Amino acid sequence: GDGTTTAVVFAGELLNEAEDLLDQSIHSTVIASGFRMAANKAQEYLEEIALDVNFDDDETLEKVAMTAMTGKKAESARLELAKLAVKADKQITGRTDGGYVVDTDYIGIEKKQGGSADDTTLVNGLIIDKERTHPGMPRRVKDGKIALLNTSLEVKKTETDAEIRVTDPEQLRAFLDEEESMLRKAVDKIVETGANIVLCQKGIDDIAQHFLAKKDILAVRRVKKSDMEKLARATGGEVITSVEDLTSDNLGKAGLVEERKISGDEMIFVEDCEDPKAVSVLIRGGTEHVIDEVERSMHDALRVVAAAIEDGKIVAGGGAPEIELAKNLRDFAESVGGREALAVRAFADAVEVAPRTLAENAGLDSIDVLVDLRAKHDDAKGATLGLNIYEGKVEDMQKGGVVEPLRVKTQAIKSGSEAAIMILRIDDVIAAAEKEMPSPGAGAPGAPGGMPPGAGAPGGMPPGMG
(Lines give C-alpha, C1' and ligand atoms only; values in the text may rest on other atoms or scores of the structure.)
Protein backbone atom coordinates (compact mmCIF):
# COMPACT_ATOMS: atom_id res chain seq x y z
CA GLY A 1 0.00 0.00 0.00
CA ASP A 2 1.69 3.14 1.25
CA GLY A 3 5.36 3.92 1.95
CA THR A 4 6.74 2.75 -1.39
CA THR A 5 8.49 6.06 -2.12
CA THR A 6 9.94 6.14 1.41
CA ALA A 7 11.47 2.68 0.93
CA VAL A 8 13.05 3.62 -2.42
CA VAL A 9 14.43 6.97 -1.22
CA PHE A 10 15.77 5.34 1.95
CA ALA A 11 17.52 2.56 -0.01
CA GLY A 12 19.15 5.19 -2.26
CA GLU A 13 20.32 7.21 0.76
CA LEU A 14 21.78 4.08 2.41
CA LEU A 15 23.82 3.39 -0.74
CA ASN A 16 24.94 7.01 -0.77
CA GLU A 17 26.20 6.67 2.81
CA ALA A 18 27.76 3.28 1.97
CA GLU A 19 29.75 4.89 -0.85
CA ASP A 20 31.44 7.26 1.64
CA LEU A 21 32.31 4.30 3.89
CA LEU A 22 33.73 2.31 0.95
CA ASP A 23 35.93 5.33 0.12
CA GLN A 24 37.29 5.04 3.69
CA SER A 25 38.35 1.45 2.85
CA ILE A 26 35.64 -0.16 4.99
CA HIS A 27 34.69 -3.51 3.46
CA SER A 28 31.18 -3.94 2.08
CA THR A 29 30.60 -7.00 4.34
CA VAL A 30 31.28 -4.86 7.44
CA ILE A 31 28.92 -2.16 6.14
CA ALA A 32 26.20 -4.76 5.40
CA SER A 33 26.64 -6.21 8.91
CA GLY A 34 26.31 -2.74 10.49
CA PHE A 35 23.25 -1.91 8.39
CA ARG A 36 21.61 -5.18 9.40
CA MET A 37 22.24 -4.51 13.11
CA ALA A 38 20.85 -0.98 12.75
CA ALA A 39 17.75 -2.20 10.86
CA ASN A 40 16.95 -4.77 13.59
CA LYS A 41 17.43 -2.16 16.30
CA ALA A 42 15.29 0.32 14.33
CA GLN A 43 12.40 -2.18 14.34
CA GLU A 44 12.65 -2.41 18.15
CA TYR A 45 12.71 1.37 18.59
CA LEU A 46 9.70 1.80 16.30
CA GLU A 47 7.74 -0.73 18.40
CA GLU A 48 8.62 1.28 21.53
CA ILE A 49 7.44 4.64 20.18
CA ALA A 50 4.26 3.26 18.53
CA LEU A 51 0.85 4.41 19.77
CA ASP A 52 -2.17 2.13 20.23
CA VAL A 53 -5.25 2.46 18.01
CA ASN A 54 -8.61 0.84 18.71
CA PHE A 55 -10.85 -0.90 16.13
CA ASP A 56 -13.73 1.40 17.12
CA ASP A 57 -11.64 4.57 16.87
CA ASP A 58 -12.99 5.70 13.48
CA GLU A 59 -11.60 9.22 13.87
CA THR A 60 -7.98 8.03 14.17
CA LEU A 61 -8.40 5.47 11.39
CA GLU A 62 -9.73 8.22 9.10
CA LYS A 63 -6.68 10.35 9.95
CA VAL A 64 -4.45 7.40 8.99
CA ALA A 65 -6.23 7.19 5.60
CA MET A 66 -6.04 10.96 5.06
CA THR A 67 -2.30 11.02 5.81
CA ALA A 68 -1.75 8.33 3.16
CA MET A 69 -3.71 10.37 0.59
CA THR A 70 -1.95 13.68 1.31
CA GLY A 71 0.25 14.75 -1.59
CA LYS A 72 -1.61 12.59 -4.11
CA LYS A 73 -3.93 13.86 -6.82
CA ALA A 74 -7.11 12.92 -4.89
CA GLU A 75 -6.22 15.18 -1.95
CA SER A 76 -9.21 17.50 -2.55
CA ALA A 77 -11.67 14.66 -1.80
CA ARG A 78 -9.57 12.93 0.84
CA LEU A 79 -12.02 13.38 3.75
CA GLU A 80 -14.87 11.58 1.95
CA LEU A 81 -12.54 8.93 0.53
CA ALA A 82 -11.01 8.33 3.98
CA LYS A 83 -14.47 7.72 5.46
CA LEU A 84 -15.26 5.27 2.65
CA ALA A 85 -11.96 3.43 3.19
CA VAL A 86 -12.59 3.00 6.94
CA LYS A 87 -16.20 1.85 6.35
CA ALA A 88 -15.15 -0.64 3.65
CA ASP A 89 -12.27 -2.11 5.71
CA LYS A 90 -14.36 -2.44 8.86
CA GLN A 91 -17.17 -4.14 6.93
CA ILE A 92 -14.92 -6.96 5.66
CA THR A 93 -12.86 -7.34 8.86
CA GLY A 94 -12.82 -10.86 10.26
CA ARG A 95 -12.20 -11.56 13.93
CA THR A 96 -9.89 -14.40 14.99
CA ASP A 97 -8.36 -15.47 18.30
CA GLY A 98 -5.20 -13.60 17.34
CA GLY A 99 -7.03 -10.34 16.59
CA TYR A 100 -8.38 -8.89 13.36
CA VAL A 101 -7.83 -9.95 9.75
CA VAL A 102 -8.57 -7.52 6.90
CA ASP A 103 -8.25 -8.98 3.39
CA THR A 104 -8.61 -5.99 1.05
CA ASP A 105 -8.93 -8.37 -1.93
CA TYR A 106 -12.60 -8.60 -0.92
CA ILE A 107 -13.11 -4.93 -1.69
CA GLY A 108 -14.02 -4.66 -5.36
CA ILE A 109 -13.06 -1.43 -7.12
CA GLU A 110 -14.90 -0.34 -10.25
CA LYS A 111 -13.99 2.85 -12.19
CA LYS A 112 -16.33 4.93 -14.34
CA GLN A 113 -15.60 8.26 -15.96
CA GLY A 114 -17.96 11.13 -15.19
CA GLY A 115 -18.80 13.22 -12.14
CA SER A 116 -16.08 14.15 -9.67
CA ALA A 117 -13.98 12.29 -7.12
CA ASP A 118 -16.56 13.35 -4.46
CA ASP A 119 -19.14 11.15 -6.25
CA THR A 120 -17.17 8.01 -5.36
CA THR A 121 -19.54 5.67 -3.49
CA LEU A 122 -19.41 2.54 -1.34
CA VAL A 123 -21.91 -0.23 -2.03
CA ASN A 124 -22.83 -2.70 0.72
CA GLY A 125 -22.66 -5.53 -1.72
CA LEU A 126 -21.13 -5.80 -5.16
CA ILE A 127 -21.01 -3.99 -8.48
CA ILE A 128 -20.68 -6.20 -11.57
CA ASP A 129 -19.55 -4.54 -14.79
CA LYS A 130 -22.05 -6.56 -16.87
CA GLU A 131 -25.61 -6.21 -18.13
CA ARG A 132 -28.74 -8.37 -18.32
CA THR A 133 -28.48 -11.10 -20.91
CA HIS A 134 -32.01 -10.48 -22.27
CA PRO A 135 -34.01 -7.22 -22.63
CA GLY A 136 -37.18 -9.00 -21.47
CA MET A 137 -35.71 -9.59 -18.00
CA PRO A 138 -36.60 -7.26 -15.11
CA ARG A 139 -34.21 -4.34 -14.53
CA ARG A 140 -34.86 -4.15 -10.81
CA VAL A 141 -35.49 -6.98 -8.36
CA LYS A 142 -36.25 -6.40 -4.69
CA ASP A 143 -35.52 -9.09 -2.07
CA GLY A 144 -33.21 -10.87 -4.47
CA LYS A 145 -32.63 -14.59 -4.03
CA ILE A 146 -29.45 -15.21 -5.99
CA ALA A 147 -28.30 -18.45 -7.61
CA LEU A 148 -24.52 -18.39 -8.14
CA LEU A 149 -23.61 -20.86 -10.88
CA ASN A 150 -20.18 -22.01 -11.96
CA THR A 151 -21.64 -23.91 -14.90
CA SER A 152 -23.09 -23.00 -18.27
CA LEU A 153 -26.81 -22.99 -19.02
CA GLU A 154 -26.15 -24.45 -22.46
CA VAL A 155 -26.55 -27.83 -24.09
CA LYS A 156 -23.39 -29.72 -23.25
CA LYS A 157 -21.36 -31.16 -26.07
CA THR A 158 -20.44 -34.82 -25.85
CA GLU A 159 -17.07 -35.72 -24.38
CA THR A 160 -16.08 -37.70 -27.49
CA ASP A 161 -16.48 -36.74 -31.14
CA ALA A 162 -19.92 -37.87 -32.24
CA GLU A 163 -21.65 -37.88 -35.59
CA ILE A 164 -25.43 -37.78 -35.87
CA ARG A 165 -27.05 -38.98 -39.09
CA VAL A 166 -30.52 -37.55 -39.73
CA THR A 167 -32.60 -39.29 -42.39
CA ASP A 168 -35.95 -37.72 -41.59
CA PRO A 169 -37.00 -34.07 -40.81
CA GLU A 170 -38.98 -35.43 -37.82
CA GLN A 171 -35.74 -36.80 -36.32
CA LEU A 172 -34.17 -33.34 -36.58
CA ARG A 173 -37.21 -31.78 -34.90
CA ALA A 174 -37.06 -34.38 -32.12
CA PHE A 175 -33.36 -33.63 -31.68
CA LEU A 176 -33.98 -29.86 -31.37
CA ASP A 177 -36.97 -30.41 -29.09
CA GLU A 178 -34.81 -32.53 -26.79
CA GLU A 179 -32.22 -29.74 -26.57
CA GLU A 180 -34.97 -27.24 -25.72
CA SER A 181 -36.43 -29.63 -23.16
CA MET A 182 -33.04 -29.98 -21.40
CA LEU A 183 -32.70 -26.20 -21.11
CA ARG A 184 -36.32 -25.87 -19.93
CA LYS A 185 -35.68 -28.47 -17.20
CA ALA A 186 -32.57 -26.55 -16.02
CA VAL A 187 -34.58 -23.30 -15.82
CA ASP A 188 -37.47 -25.08 -14.04
CA LYS A 189 -35.01 -26.41 -11.48
CA ILE A 190 -33.77 -22.84 -10.83
CA VAL A 191 -37.38 -21.57 -10.50
CA GLU A 192 -38.16 -24.44 -8.11
CA THR A 193 -35.49 -23.23 -5.64
CA GLY A 194 -37.17 -19.80 -5.45
CA ALA A 195 -34.30 -17.94 -7.15
CA ASN A 196 -35.21 -14.72 -8.95
CA ILE A 197 -31.64 -13.81 -9.99
CA VAL A 198 -29.06 -15.99 -11.77
CA LEU A 199 -25.41 -14.94 -11.85
CA CYS A 200 -23.49 -17.33 -14.06
CA GLN A 201 -19.72 -17.66 -14.44
CA LYS A 202 -20.10 -19.23 -17.88
CA GLY A 203 -22.44 -18.88 -20.86
CA ILE A 204 -26.26 -18.87 -21.03
CA ASP A 205 -27.93 -20.22 -24.19
CA ASP A 206 -30.36 -17.95 -26.08
CA ILE A 207 -33.22 -20.38 -25.45
CA ALA A 208 -32.40 -20.51 -21.72
CA GLN A 209 -32.35 -16.69 -21.68
CA HIS A 210 -35.84 -16.69 -23.20
CA PHE A 211 -37.18 -19.13 -20.56
CA LEU A 212 -35.56 -17.15 -17.72
CA ALA A 213 -37.04 -13.88 -19.03
CA LYS A 214 -40.52 -15.50 -19.17
CA LYS A 215 -40.15 -16.43 -15.49
CA ASP A 216 -39.12 -12.83 -14.58
CA ILE A 217 -35.62 -13.91 -13.57
CA LEU A 218 -32.74 -11.46 -14.01
CA ALA A 219 -29.71 -13.30 -15.38
CA VAL A 220 -26.09 -12.23 -15.95
CA ARG A 221 -23.51 -14.38 -17.73
CA ARG A 222 -19.70 -14.57 -17.84
CA VAL A 223 -19.22 -13.04 -14.39
CA LYS A 224 -15.53 -13.05 -13.39
CA LYS A 225 -14.38 -15.79 -11.00
CA SER A 226 -13.07 -13.19 -8.53
CA ASP A 227 -16.48 -11.46 -8.57
CA MET A 228 -18.23 -14.80 -7.93
CA GLU A 229 -16.09 -15.32 -4.81
CA LYS A 230 -16.93 -11.81 -3.60
CA LEU A 231 -20.63 -12.36 -4.36
CA ALA A 232 -20.65 -15.53 -2.25
CA ARG A 233 -19.15 -13.58 0.68
CA ALA A 234 -21.44 -10.58 0.19
CA THR A 235 -24.75 -12.42 -0.24
CA GLY A 236 -24.09 -15.48 1.92
CA GLY A 237 -24.76 -17.79 -1.03
CA GLU A 238 -22.74 -20.72 -2.39
CA VAL A 239 -21.22 -21.09 -5.84
CA ILE A 240 -22.73 -24.28 -7.31
CA THR A 241 -21.13 -26.25 -10.14
CA SER A 242 -24.25 -28.14 -11.24
CA VAL A 243 -27.84 -26.93 -11.61
CA GLU A 244 -29.10 -30.34 -10.36
CA ASP A 245 -27.40 -29.72 -7.00
CA LEU A 246 -28.95 -26.25 -6.52
CA THR A 247 -31.28 -25.92 -3.51
CA SER A 248 -32.91 -22.97 -1.75
CA ASP A 249 -30.24 -23.23 0.98
CA ASN A 250 -27.51 -22.36 -1.54
CA LEU A 251 -29.10 -19.06 -2.57
CA GLY A 252 -27.59 -15.72 -1.64
CA LYS A 253 -29.73 -12.79 -0.50
CA ALA A 254 -29.68 -9.09 -1.38
CA GLY A 255 -32.17 -6.33 -0.59
CA LEU A 256 -31.95 -4.94 -4.11
CA VAL A 257 -30.43 -6.05 -7.41
CA GLU A 258 -30.66 -3.47 -10.18
CA GLU A 259 -29.21 -2.68 -13.58
CA ARG A 260 -28.14 0.97 -13.80
CA LYS A 261 -26.56 3.01 -16.55
CA ILE A 262 -23.33 4.66 -15.39
CA SER A 263 -21.52 6.84 -17.94
CA GLY A 264 -23.24 5.08 -20.82
CA ASP A 265 -22.44 1.54 -19.58
CA GLU A 266 -24.88 -0.83 -17.94
CA MET A 267 -23.78 -2.21 -14.55
CA ILE A 268 -25.46 -4.59 -12.12
CA PHE A 269 -25.66 -3.39 -8.49
CA VAL A 270 -26.15 -6.08 -5.83
CA GLU A 271 -27.03 -3.94 -2.80
CA ASP A 272 -28.38 -3.97 0.76
CA CYS A 273 -26.80 -7.29 1.64
CA GLU A 274 -27.06 -8.31 5.28
CA ASP A 275 -23.61 -7.99 6.91
CA PRO A 276 -21.66 -8.52 3.64
CA LYS A 277 -18.06 -9.72 3.94
CA ALA A 278 -17.25 -8.25 0.51
CA VAL A 279 -18.07 -4.73 -0.67
CA SER A 280 -17.52 -2.54 -3.72
CA VAL A 281 -16.28 0.99 -4.29
CA LEU A 282 -17.38 2.83 -7.44
CA ILE A 283 -14.73 5.44 -8.27
CA ARG A 284 -15.77 8.49 -10.29
CA GLY A 285 -13.72 11.31 -11.81
CA GLY A 286 -13.72 13.83 -14.62
CA THR A 287 -11.01 12.19 -16.73
CA GLU A 288 -9.36 8.80 -16.97
CA HIS A 289 -6.16 10.19 -15.46
CA VAL A 290 -8.06 11.54 -12.40
CA ILE A 291 -9.85 8.20 -11.92
CA ASP A 292 -6.53 6.30 -11.99
CA GLU A 293 -5.07 8.67 -9.40
CA VAL A 294 -8.15 8.37 -7.16
CA GLU A 295 -7.92 4.58 -7.45
CA ARG A 296 -4.25 4.66 -6.42
CA SER A 297 -5.07 6.89 -3.45
CA MET A 298 -8.00 4.67 -2.47
CA HIS A 299 -5.84 1.56 -2.68
CA ASP A 300 -3.24 3.13 -0.36
CA ALA A 301 -5.95 4.30 2.06
CA LEU A 302 -7.55 0.84 2.21
CA ARG A 303 -4.17 -0.82 2.83
CA VAL A 304 -3.03 1.58 5.59
CA VAL A 305 -6.35 1.37 7.45
CA ALA A 306 -6.20 -2.45 7.17
CA ALA A 307 -2.63 -2.43 8.56
CA ALA A 308 -3.68 -0.13 11.44
CA ILE A 309 -6.65 -2.39 12.30
CA GLU A 310 -4.61 -5.62 12.12
CA ASP A 311 -1.60 -4.36 14.13
CA GLY A 312 -3.44 -1.90 16.38
CA LYS A 313 -0.35 0.35 16.23
CA ILE A 314 0.34 3.73 14.64
CA VAL A 315 3.18 6.27 14.67
CA ALA A 316 3.21 10.02 14.10
CA GLY A 317 4.02 11.29 10.59
CA GLY A 318 5.86 14.41 9.43
CA GLY A 319 9.31 12.87 9.89
CA ALA A 320 8.82 12.49 13.69
CA PRO A 321 9.64 8.75 14.01
CA GLU A 322 12.66 9.07 11.70
CA ILE A 323 14.26 11.81 13.85
CA GLU A 324 13.62 9.78 17.02
CA LEU A 325 15.05 6.66 15.32
CA ALA A 326 18.18 8.52 14.19
CA LYS A 327 18.73 9.85 17.74
CA ASN A 328 18.41 6.36 19.29
CA LEU A 329 20.57 4.71 16.60
CA ARG A 330 23.40 7.19 17.20
CA ASP A 331 23.30 6.26 20.90
CA PHE A 332 23.26 2.59 19.91
CA ALA A 333 26.32 3.10 17.66
CA GLU A 334 28.35 4.10 20.76
CA SER A 335 27.69 0.67 22.29
CA VAL A 336 28.52 -1.25 19.08
CA GLY A 337 32.13 -0.18 18.70
CA GLY A 338 34.48 -1.14 15.87
CA ARG A 339 33.91 -0.41 12.21
CA GLU A 340 30.28 -1.54 12.37
CA ALA A 341 29.61 1.55 14.53
CA LEU A 342 30.40 3.74 11.50
CA ALA A 343 27.83 1.79 9.43
CA VAL A 344 25.20 2.15 12.20
CA ARG A 345 25.87 5.89 12.34
CA ALA A 346 25.59 6.08 8.53
CA PHE A 347 22.25 4.21 8.80
CA ALA A 348 21.06 6.82 11.33
CA ASP A 349 22.00 9.64 8.92
CA ALA A 350 20.20 7.86 6.06
CA VAL A 351 16.99 7.53 8.10
CA GLU A 352 16.80 11.33 8.26
CA VAL A 353 16.28 11.48 4.49
CA ALA A 354 12.48 11.46 5.07
CA PRO A 355 12.20 14.71 7.07
CA ARG A 356 14.94 16.27 4.90
CA THR A 357 13.01 15.48 1.71
CA LEU A 358 9.78 16.76 3.29
CA ALA A 359 11.48 20.08 4.05
CA GLU A 360 12.94 20.34 0.51
CA ASN A 361 9.59 19.56 -1.11
CA ALA A 362 7.94 22.25 1.02
CA GLY A 363 10.54 24.82 -0.10
CA LEU A 364 12.10 25.06 3.38
CA ASP A 365 15.78 25.03 4.35
CA SER A 366 16.40 21.34 5.10
CA ILE A 367 19.45 22.00 7.34
CA ASP A 368 17.55 24.48 9.55
CA VAL A 369 14.60 22.09 9.78
CA LEU A 370 16.80 19.11 10.73
CA VAL A 371 18.66 21.12 13.38
CA ASP A 372 15.34 22.34 14.84
CA LEU A 373 13.82 18.83 14.82
CA ARG A 374 16.89 17.27 16.47
CA ALA A 375 16.97 19.97 19.17
CA LYS A 376 13.25 19.52 19.96
CA HIS A 377 13.60 15.71 20.12
CA ASP A 378 16.60 16.02 22.45
CA ASP A 379 14.60 18.24 24.82
CA ALA A 380 11.22 16.54 24.69
CA LYS A 381 10.29 13.03 25.73
CA GLY A 382 7.62 12.65 23.07
CA ALA A 383 8.41 11.02 19.73
CA THR A 384 5.53 12.75 17.97
CA LEU A 385 7.20 16.06 17.06
CA GLY A 386 7.39 16.44 13.29
CA LEU A 387 7.41 19.03 10.54
CA ASN A 388 4.26 20.96 9.68
CA ILE A 389 5.13 21.76 6.07
CA TYR A 390 2.32 24.34 5.70
CA GLU A 391 3.57 26.45 8.62
CA GLY A 392 7.25 25.50 8.36
CA LYS A 393 7.26 24.74 12.11
CA VAL A 394 7.92 21.75 14.34
CA GLU A 395 4.62 20.59 15.87
CA ASP A 396 3.02 17.61 17.60
CA MET A 397 1.94 15.44 14.67
CA GLN A 398 -0.41 13.29 16.75
CA LYS A 399 -2.45 16.35 17.73
CA GLY A 400 -2.33 17.58 14.13
CA GLY A 401 -3.85 14.28 12.94
CA VAL A 402 -0.82 13.25 10.85
CA VAL A 403 -0.49 9.56 11.72
CA GLU A 404 0.60 6.42 9.86
CA PRO A 405 0.43 2.69 10.61
CA LEU A 406 3.51 1.31 12.33
CA ARG A 407 3.80 -1.27 9.52
CA VAL A 408 4.42 1.42 6.88
CA LYS A 409 7.58 2.51 8.73
CA THR A 410 8.84 -0.97 9.69
CA GLN A 411 8.28 -2.19 6.13
CA ALA A 412 10.08 0.81 4.60
CA ILE A 413 13.09 0.25 6.91
CA LYS A 414 13.08 -3.49 6.17
CA SER A 415 12.65 -3.20 2.39
CA GLY A 416 15.07 -0.28 2.01
CA SER A 417 17.86 -1.88 4.06
CA GLU A 418 17.44 -5.29 2.36
CA ALA A 419 17.66 -3.68 -1.09
CA ALA A 420 20.75 -1.65 -0.12
CA ILE A 421 22.50 -4.67 1.46
CA MET A 422 21.75 -6.81 -1.59
CA ILE A 423 23.33 -4.22 -3.90
CA LEU A 424 26.32 -3.79 -1.53
CA ARG A 425 27.07 -7.50 -1.71
CA ILE A 426 27.60 -7.36 -5.47
CA ASP A 427 31.38 -7.77 -5.90
CA ASP A 428 31.88 -5.76 -9.03
CA VAL A 429 29.81 -3.94 -11.60
CA ILE A 430 30.68 -4.70 -15.19
CA ALA A 431 30.09 -1.53 -17.15
CA ALA A 432 29.18 -1.90 -20.79
CA ALA A 433 32.18 -0.66 -22.76
CA GLU A 434 31.36 2.11 -25.19
CA LYS A 435 31.75 0.95 -28.78
CA GLU A 436 34.08 3.21 -30.68
CA MET A 437 32.78 3.88 -34.17
CA PRO A 438 35.62 4.21 -36.70
CA SER A 439 35.57 7.39 -38.69
CA PRO A 440 34.65 6.96 -42.36
CA GLY A 441 37.60 6.01 -44.50
CA ALA A 442 39.81 5.18 -41.52
CA GLY A 443 40.41 1.60 -42.73
CA ALA A 444 42.59 0.30 -45.50
CA PRO A 445 41.96 1.67 -48.98
CA GLY A 446 39.16 -0.12 -50.75
CA ALA A 447 37.71 -1.75 -47.60
CA PRO A 448 33.98 -0.86 -47.40
CA GLY A 449 33.06 1.75 -44.75
CA GLY A 450 36.60 2.01 -43.44
CA MET A 451 36.66 -1.66 -42.32
CA PRO A 452 39.94 -3.54 -41.95
CA PRO A 453 41.04 -5.58 -44.98
CA GLY A 454 39.18 -8.83 -45.32
CA ALA A 455 36.29 -7.64 -43.16
CA GLY A 456 34.07 -7.65 -46.21
CA ALA A 457 34.00 -11.44 -46.17
CA PRO A 458 30.52 -12.93 -45.57
CA GLY A 459 29.30 -12.42 -41.98
CA GLY A 460 32.40 -10.37 -41.14
CA MET A 461 34.53 -13.57 -41.04
CA PRO A 462 38.26 -13.64 -41.75
CA PRO A 463 39.25 -14.27 -45.38
CA GLY A 464 38.91 -17.86 -46.47
CA MET A 465 36.29 -18.66 -43.82
CA GLY A 466 33.40 -18.17 -46.28
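Among the residues of segment 317-333, is there at least one that is in contact with a Leu (Cβ under 6 Å, 6 or more places away or on another chain) and not hydrophobic (A, V, I, L, M, F, W, C)? Within segment 317-333, one or more residues are in contact with a Leu (Cβ under 6 Å, 6 or more places away or on another chain) and not hydrophobic (A, V, I, L, M, F, W, C).
Within segment 1-36, the set of residues being open to solvent by 70 Å² or more (accessible area, probe 1.4 Å), assigned to a helix (DSSP H, G or I) and not acidic (Asp, Glu) comprises Thr4, Thr5, Val8, Asn16, Leu22, Thr29, Arg36.
Scan segment 118-141 for residues that are closer than 21 Å to Asn250 by Cβ and touching a Gly at 6+ places or on another chain (Cβ under 7 Å) and the total you get is 1.
Residue-wise test of (1) under 20 Å from the mean Cα position of the chain (by Cα); (2) among the hydroxyl-bearing types (Ser, Thr, Tyr); (3) open to solvent by 50 Å² or more (accessible area, probe 1.4 Å); (4) modelled with pLDDT under 90.
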site: Glu59; (1), (2), (3), (4): no, no, yes, no
site: Val64; (1), (2), (3), (4): yes, no, no, no
site: Thr70; (1), (2), (3), (4): yes, yes, yes, yes
site: Asp119; (1), (2), (3), (4): no, no, yes, yes
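If you go through segment 313-347 and pick out every residue that is out of contact with any Gly (no Cβ under 7 Å at 6 or more places or on another chain) and at positive phi, you end up with 2.
Of the set (1) in contact with a Lys or Arg (Cβ under 9 Å, 6 or more places away or on another chain); (2) outside the structural domain of Ala213 (by the TED database); (3) on the phi > 0 side of the Ramachandran plot, all apply to Gly99 but (1). Being crowded, with 24+ Cβ neighbours inside 10 Å and either in contact with an Asp or Glu (Cβ under 6 Å, 6 or more places away or on another chain) or outside any strand (DSSP E or B) (or both) is a property that Glu295 lacks.
The values are calculated or read from the model by the stated rules, or taken from the named source; none is laboratory data. Source: prediction; values computed, not measured. Note: ideal-geometry Cβ built from the backbone for every residue, glycine included; neighbour counts use all protein chains shown. All accessible areas refer to the heavy atoms of the entire protein, side chains included, with ligands and DNA or RNA removed. Shrake-Rupley method; radii C 1.70, N 1.55, O 1.52, S 1.80 Å.
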